[in-house]
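Values quoted throughout were computed directly from the atomic coordinates according to the rules given, and no laboratory measurement underlies them. Here the structure is a predicted model, which is why all the values come from computation and not from measurement. All Cβ positions, even for glycine, are placed from backbone atoms using ideal geometry, and neighbour counts span all protein chains on display.
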């Protein structure tokens, strides 16, 4: 018996009645192989968009997206209505967000959900959660309470009390720096010493940078867990910049 002939006749008969036969060999391919979010400060977010195209010769039964695990999430589309995607058709753009809550490198995949055994090539999601970002050749931070792989945490104190943390700004660049520190949010943090602008003189030897001790203060007026960003910038040398994640708890 010619089974191939029978199968073709069966498909032809169904097509007369408007029934679409979906192939389990159909495939979907993303427009990017990897969404690389780079380095993202803890508590902040970065977004990336991916679409998938039907690269097969058959119709694909698209049902939605398989949601990635934290610290990744899918924020758009909010609601997906299943659809049959013809060859060369694409999915709606899907937005995936990286929101790190800890220091480290994180990886996951984003994949469409397909019916009828159809396959899809996943897009890789990768990002690095960091406690600080720094730019500018010869500009740095070290010492005191600063740890490169940890958020600068003021610990737990009572409302009305204060807690301080300190570190040193370093200048081994080829120019003096005049840094201004400011809190980017509304948290109960402040730069309390030294007086601003913070002057970092030109180092006589680039291998021995000039150092200035900086003190930050946490002074909560209400209970809760607080997180904010403190940024140091030289307006005359905007390429030299430091942004720190700071946290503290009040009870």
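Values computed for the structure shown
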{"item": "Spatial extent of the chain: Rg and Dmax, with the Cα atoms as the point set, Å", "result": "27.2, 93"}
{"item": "Where only alpha carbons of the range 114-199 are counted, the Rg and the Dmax (Å)", "result": "20.5, 67"}
{"item": "Per-residue Cβ neighbour rank within 10 angstrom, fewest leading, 133, 152", "result": "133, 152"}
{"item": "Kirkwood hydrodynamic radius (C-alpha pairs) into Stokes-Einstein, the range 36-155, 37 °C and 0.692 mPa s, D in µm²/s", "result": "198"}
{"item": "Nearest-0.05 FRET efficiency for residue 225 and residue 81, computed from C-beta distance (R0 35 Å)", "result": "0.35"}
{"item": "Three-way shape call for the range 117-165 based on the alpha-carbon gyration tensor, with the a/c threshold at 1.5", "result": "oblate"}
{"item": "Rounded to 10°, Cα long-axis angle of helix 3-16 versus longest principal axis of the chain", "result": "80"}
{"item": "Estimated [θ] at 222 nm from DSSP helical runs (n ≥ 4, -39500 (n - 2.57)) normalised by residues in the chain, nearest 500", "result": "-2000 deg cm²/dmol"}
{"item": "Mean Cβ count within 10 Å, highest first, over the residues of peptides 66-74, 106-114, 203-211", "result": "106-114, 66-74, 203-211"}
{"item": "Relative compactness, the range 75-224, computed as alpha-carbon Rg over 2.2 N^0.38 Å", "result": "1.59"}
